[in-house]
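Note sheet for the following structure.
Values quoted throughout were computed directly from the atomic coordinates according to the rules given, and no laboratory measurement underlies them. Model, not experiment: these values are computed from the prediction. Please note: Cβ atoms are built from the backbone with ideal geometry, for glycine as well, and neighbour counts cover all protein chains shown.
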Amino acid sequence: MNQKQFKRRPSLAIYPGSFDPITYGHLDIVARAGRLFDRIIIAVSHASVKQPMFSVEDRMDLIRESLRESNLNKGIEVDSFQGLLADYAKKKSCFVVIRGIRFISDFEYELQMALTNRHLYPDMETVYLMPDEKHIYLSSTIVKEIAGLGQTPAKFVPRCVARALRSLRAVI
Ligand code: PNS
């Protein structure tokens, strides 16, 4: 481990994910990360969801709009990446990845991902943040299930996402 890297405050962090779609749980993590880092890149992966509900471009637009709705746009960029997260982080000269963790059941996958990324990019650390407990049960999968079964999950997602889910239902 190169100790020099850890003597300075890392001012940039990447928050990667599928964000299909973004929820209040994700926004809670962004707000917490914003207290620790000067700049955050929310990075939508092109590869992570097999049958996404929203295209990567639509997900990015919904993230941008959600950030505006929540007054969270200061120091936050929205981007997407193809391929490995480790390669994307190297390209951005970023040493920190943020992930949200909720239950012990998240831990196995997160540990596997963090250790894989450590092999691929040893200088990078994964930092885990916990959302407020009111968001602990929330996930994009649950949101999509509720929307798919005819309800608008308005309590769980920003207004723009609820709107997008409603209009998607109207066209299906
Ligand atoms: O929101 P998600 O689906 O839990 O996010 C998962 C994501 C996108 C962070 C993860 O699948 C990822 O980093 N994918 C890019 C491919 C990669 O780097 N894989 C090796 C590390 S497991």
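Using a Gaussian network model on the chain with a 10 Å cutoff between Cα atoms, which of Ile104, Ile146, Ile76 fluctuates the most?
In this elastic network of the chain, the residue with the biggest mean-square fluctuation among Ile104, Ile146, Ile76 is Ile104.
Leaving out same-chain residues fewer than 8 places away, which aspartates and glutamates sit with a Cα under 18 Å from that of Lys91?
Glu77, Asp79, Asp123, Glu125
Trypsin sites (Lys or Arg not before Pro), restricted to the range 37-81: which are DSSP loop and have at most 15 other Cβ atoms within 10 Å? Can you show the working numbers first?
Numbers: sites: Arg39, Lys50, Arg59, Arg64, Arg68, Lys74; in loops: Lys50, Lys74.
Answer in residue order: Lys50, Lys74.
Please give the contour-minus-distance gain from Arg68 to Glu133: 0.36 nm per residue of separation, less the Cα-Cα distance, rounded to one decimal in nm.
21.1 nm
Helix-only mean residue ellipticity at 222 nm, the chain, DSSP H runs n ≥ 4 weighted -39,500 (n - 2.57), per residue, nearest 500. What is it?
-13000 deg cm²/dmol
Counting Lys and Arg as +1 and Asp and Glu as -1, each charge on the Cβ, what is the dipole of the chain about the Cα centre in debye, to the nearest 20?
Value, rounded to 20: 400 debye.
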